[in-house]
Amino acid sequence: MGMARGGGGFRLLVLLLLGLACSNGGRCSWARTTLLPQQEVEALKGIATKLNKTDWDFSVDPCSASGNWANSTGFLISNVTCDCSFKNNTECHIIRLELMRQNLSGVLPDEVVNLTYLRYLDLSRNFIQGPIPASWGDLPVYNLSLQGNRISGILPKELGRMPMLKSIQLEGNQIEGPIPPELGNISTLQRFFISANNITGELPSTFSRLTNMTDFRIDGNSISGKIPSFIKNWQSVNRIDMQGTSMSGPIPPEISLLKNLTELRVTDLSGPSMKFPPLQNALHLTEVVLRNCSIYGEIPYYLGQMLYLKVLDISFNKLTGKVPETFGGMAALQYLYLTENMLTGDFPSWMLKNKASNKVNMDISYNNFTGNPPSECQQVNLNMVSSFSSSNDNLLQPCLRKRLPCTTRPRHSSLFVNCGGKSVSVNGITYEDDSSQIGTSTFVLSDDKKWAYSSTGDFVGNENGDYIARNTSKLTLAYPELYTEARLSPLSLKYYGLCMENGEYTVKLHFAEIVFTDDHTYSSNGKRVFDVFIQGAKVLDDFNIKDQAGGAHREITRTFTTNITDNTLEIHFYWGGKGTTAIPYRGVYGPLISAISVTQTGRNHHRLSTRVVIAIVVGAASFTVILLLIAFYFKVFSKKNAKGNGRHSFYQGRKTNTSELQTRAQYFFSLKEIESATEHFDPGNKIGEGGFGPVYKGTLPDGTIVAVKKLSSKSSQGNREFLNEIGIISALRHPNLVRLFGCCIDGDQLLLIYEFLENNSVGRALFGRAEHQLKLDWTTRYNICLGTAKGLAYLHEESTLKIVHRDIKPSNILLDKKLQPKISDFGLAKLNDDCGRVSTRIAGTVGYMAPEYATRGCLTRKADVYSYGVVALEIVSGMSNINSMSNEEYLHLLDLAERLKQQGKLLELVDERLGSDYSQEQALRLLNIALLCTKTSPTQRPRMSSVVNMLCGQIPIQVVPEDDNLSEDLRFDIARSQCSMNDSKTDWSQMPSQCSMNDSKTDWSQMPSSDPSILRHTSKDSGYLPSSSSSSLKL
């Protein structure tokens, strides 16, 4: 009995001790009677709904640390953490919410605000979209991390109310607009990460108050202005990252006051040259990157005395003098980049000694050393290409000299390299092996000495960075062997064609993004942005492979013409600090190239077949000719067999291969396939009626949904536009252009098969029947205008074929499931041969035609710019230009916009359905750009690439003088007096037969006075044909 009694007392003692332990931590659910307030339970339910979080089990106590309330595996973290010490351990509150790498979609939930005790919120690396709620300004969190999502919209000024915020991490999203000055009110702020967004404007002066700042990162944004001197107030800062912005120098001398600085990264500054910034007081520096900052003078000797310096990148500057001898004794140094400066003197012999142990990765290429040349160019982790002065001894190795001179008789007139991959044969052409995996600071010469490459940079932050990308998924491309591997570089990658014959060459660059994904995971949020130079001239600016190709694992090529005059070709891929550096993993995502093709103009290389040569030289034009012959043949053949077999379709009975469908635009479908896909053109599958016939939704056997454009025999488009559309679209690839999958020719039946766009068109979204209209918020509208501008810029300036669309209007701008715009209906497209050609047919839509095109048939790319301006006004205002204005004082939307601008009331044009939920700055920017695009004179309208830059805030809106041919009042009166004119009175045969090569020389006063409708179009305000049921006019 005594023993039993004693044992019971012992158990009681143990239970008592455990109870005390649990009460101290508040985490033992079995021993407590604490409760989570219902408000916080409901908040969790709302959060789960908004984020599509489906695995939370609300039958289990969220504070129990069991079930899926605390579930972390490696980097996949899903934790709800509570503090149950409130009210004598009887009440719990959620203090931490961590949902990292959970593939969450949806939008940011307002319900988070109801977690009034929340101190830590981390939703990083998901697929969350939409803006940051303004209500989050009341969150009491210390740490907020949303990095690696698809957050859009502007930074709410309300975030400046967050009373205890210490860290805000927003990098790797799509946030735009300026940084609100109110954020300078967060006196507790220590970490500010907004890299890899679309932020514009200058750093607010209020940031001078952020005296607790320790880590400041703004890489890869369009932030402008000078680096502010108020950084001197950040006495605690240890890291500053300002890579790839639009900021200008110099770096303020006040940086010398930041004694706690350990990492400094500032690159690609514009503005005047500057001396090396004073860093001698920052004795604990570990990384210094001051690349492409126009720094001149000698390298400070004190850099070599910094005990902890691991990375020094001062490449692409104007530094002169010798490399300090102190650099030879830097014990911690791992990476030294002095590339492309003007350094002189003897080659530092200590560099070769360091190479013996592979201690330091160094690049001293493209300098002006004069003495002590090394005997060998190719050194592991030491790049010395073109590092010696051109006036130096000719006994130098060729690779040490400028421009890599040819020492043998030039004999090469072509070059084909499978970058990063093994040797492959494609269409009878052998692409050479480029599979060496040597690493950073490298110069590699091919075995046959026909070509070489030079690589610079290190994948900082990613110790496992690979210099060759390898695809891990199945590629459904036309020639996957060219895109299975690709060469990567963290910073700078140059390919050289050596000993080539002088002359004109065609350079074709092959790209495919095989590192990032195209799914709904955070790894699809990665952005690779770089520039490309050929022979020193920039040919691609801020090039994003994934965006340009329309997704990951899709090929895209860019073709250029260049001249070789010194037997050497140089192709340079350069990373300027833009794109993501933390998505999908922390590191650098610099240039990537899959293959390079170089051919001399007019030559037949590798005994190519005539068919291949024609395809290279003629491209889409030859394809159009072939289709014309096919159409003619079948038209004749079908007549001969009208009483016999009936219909005949090209490749009839051939089965569709969807993988081929996705990679070959020039694909012929049989009529049987299309009839099956559309259920014999069932009216229930009809999704629209275009100007040339109905459009049907179809489903292929493998489930692929397509849109089928059926051109009736009475269609005004006919065979000419049909074949034109196929030939043009099949040659174009851009994320803002509708993709053509193929066609069907069956007698006089003409069909086009497109990708299916789920949300129809901008026209239906804004002006369709009530049940078809979409609620387009401001961010969506702005992105539609931006995406459309990018598509037109590609057509006008970037594609090999320079194309004028001729019929830009809301119904020709389609919307995918993410409401991203895609330009469609290229049936009216005209190859842009040269400005000044007179179109033989006026083909366009009432209300959108530029005056010079509508009245004189003078077609240039500026006609599309005009139409774009009208469409932009419609998107902002929600009003259609071709419908009558509700206020009879105004003739049309453009006239209303002009009058409101004169009165200083331009924002009154914004769609009232938006209320106040829009950015006034963006609205004014977009409206002023739209009015600039609709100037009467084509020479006063901007190029579409300039429109893109203005929309992104990269350049100011151009200011042009007002039209002085006619006063505004006179133009308005003329246009109004002709408002009731009937279209049938317009005598188009009397239009001038010539169009001035220079638009600015057009004398509008000489237009035929016998036709009032022509005078009506000289007005900047009118510029449209009167309303009519006809959608196109022809001569």
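The values are calculated or read from the model by the stated rules, or taken from the named source; none is laboratory data. In this text, all values refer to a predicted model and were calculated from it rather than measured experimentally. Virtual Cβ from ideal backbone geometry, glycine too; neighbours counted across all protein chains shown.
Quick one: in the stretch 908-918, of everything that is surrounded by fewer than 19 Cβ atoms within 10 Å (Cβ to Cβ) and in contact with a Lys or Arg (Cβ under 9 Å, 6 or more places away or on another chain), which residue is nearest to Ala134 (Cα to Cα)?
Residue satisfying both the conditions and the ranking: Leu914.
Taken as a whole, the stretch 406-417 holds no residue that is touching a helix residue (DSSP H, G or I) at 6+ places or on another chain (Cβ under 6 Å) and not hydroxyl-bearing (Ser, Thr, Tyr). Can we say Lys790 is modelled with pLDDT of 90 or more and surrounded by fewer than 18 Cβ atoms within 10 Å (Cβ to Cβ)? No: the conditions fail for Lys790. Against the list (1) closer than 27 Å to Gly526 by Cα; (2) in a loop (DSSP other than H, G, I, E, B), the condition Asp241 fails is (2). Within the span defined as the stretch 849-857, every residue fails to be of a type in the set (Val, Ile, Thr), over 21 Å from Gln940 (Cβ atoms) and modelled with pLDDT under 95.
Residues that are within 13 Å of the chain's Cα centre (by Cα) and surrounded by fewer than 17 Cβ atoms within 10 Å (Cβ to Cβ): does the stretch 529-537 have at least one? For the stretch 529-537, residues within 13 Å of the chain's Cα centre (by Cα) and surrounded by fewer than 17 Cβ atoms within 10 Å (Cβ to Cβ): absent. A count restricted to the stretch 160-191 and to residues that are surrounded by fewer than 21 Cβ atoms within 10 Å (Cβ to Cβ) and more than 16 Å from Arg119 (Cβ to Cβ) stands at 11. For the stretch 1-105, the helices (runs of 4 or more DSSP H) that sit wholly inside it and include 1 or more residues that are out of contact with any Leu (no Cβ under 7 Å at 6 or more places or on another chain) and at pLDDT below 90 are 2-25, 86-89.
Scanning the stretch 430-442 turns up at least one residue that is modelled with pLDDT of 90 or more and outside any strand (DSSP E or B).
When restricted to residues that are surrounded by fewer than 17 Cβ atoms within 10 Å (Cβ to Cβ) and in contact (Cβ under 8 Å) with a residue 60 or more places away in the chain, the stretch 50-103 contains 1.
When every residue of the stretch 272-286 is checked against the conditions, none turns out to be under 19 Å from Phe193 (Cα atoms) and of a type in the set (Val, Ile, Thr). Just one residue in the set Glu504, Glu513 is among the acidic types (Asp, Glu) and over 23 Å from Gly220 (Cα atoms); that residue is Glu504.
Whether any residue in the stretch 403-420 is free of Cβ contacts under 8 Å to residues at least 12 places away in the same chain, in a loop (DSSP other than H, G, I, E, B) and touching a Phe, Trp or Tyr at 6+ places or on another chain (Cβ under 9 Å) is what I want to check. No, the stretch 403-420 contains no residue that is free of Cβ contacts under 8 Å to residues at least 12 places away in the same chain, in a loop (DSSP other than H, G, I, E, B) and touching a Phe, Trp or Tyr at 6+ places or on another chain (Cβ under 9 Å). Scanning the stretch 213-223 for residues that are in contact with a Ser or Thr (Cβ under 6 Å, 6 or more places away or on another chain) and not β-branched (Val, Ile, Thr) gives Arg217, Asp219, Gly220, Asn221, Ser222. Checked against the criteria, Gly878 counts as among the small types (Gly, Ala, Ser), at pLDDT 90 or above and in the same structural domain as Gly791 (by TED's automatic domain parsing).
Table: residues versus (1) free of Cβ contacts under 8 Å to residues at least 40 places away in the same chain; (2) buried (at least 17 other Cβ atoms within 10 Å of the Cβ); (3) not polar (S, T, N, Q).
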residue: Asn197; (1), (2), (3): yes, yes, no
residue: Ser222; (1), (2), (3): no, yes, no
residue: Gly225; (1), (2), (3): yes, no, yes
residue: Gln235; (1), (2), (3): yes, no, no
residue: Arg239; (1), (2), (3): yes, yes, yes
residue: Gly249; (1), (2), (3): no, yes, yes
residue: Asp268; (1), (2), (3): no, yes, yes
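If you take the residues of the stretch 317-329 that are more than 9 Å from Glu298 (Cα to Cα) and surrounded by 21 or more Cβ atoms within 10 Å (Cβ to Cβ), which of them is farthest from the chain's Cα centre (by Cα)? My answer is Phe327. Taken over the stretch 937-971, the criterion of being out of contact with any Phe, Trp or Tyr (no Cβ under 9 Å at 6 or more places or on another chain) and modelled with pLDDT under 50 is satisfied by Asp963, Asp964, Ser967, Glu968, Asp969, Leu970, Arg971. State whether the residues of the stretch 671-692 include one that is acidic (Asp, Glu), outside any strand (DSSP E or B) and modelled with pLDDT under 85. Among the residues of the stretch 671-692, not one is acidic (Asp, Glu), outside any strand (DSSP E or B) and modelled with pLDDT under 85, which makes the answer no.
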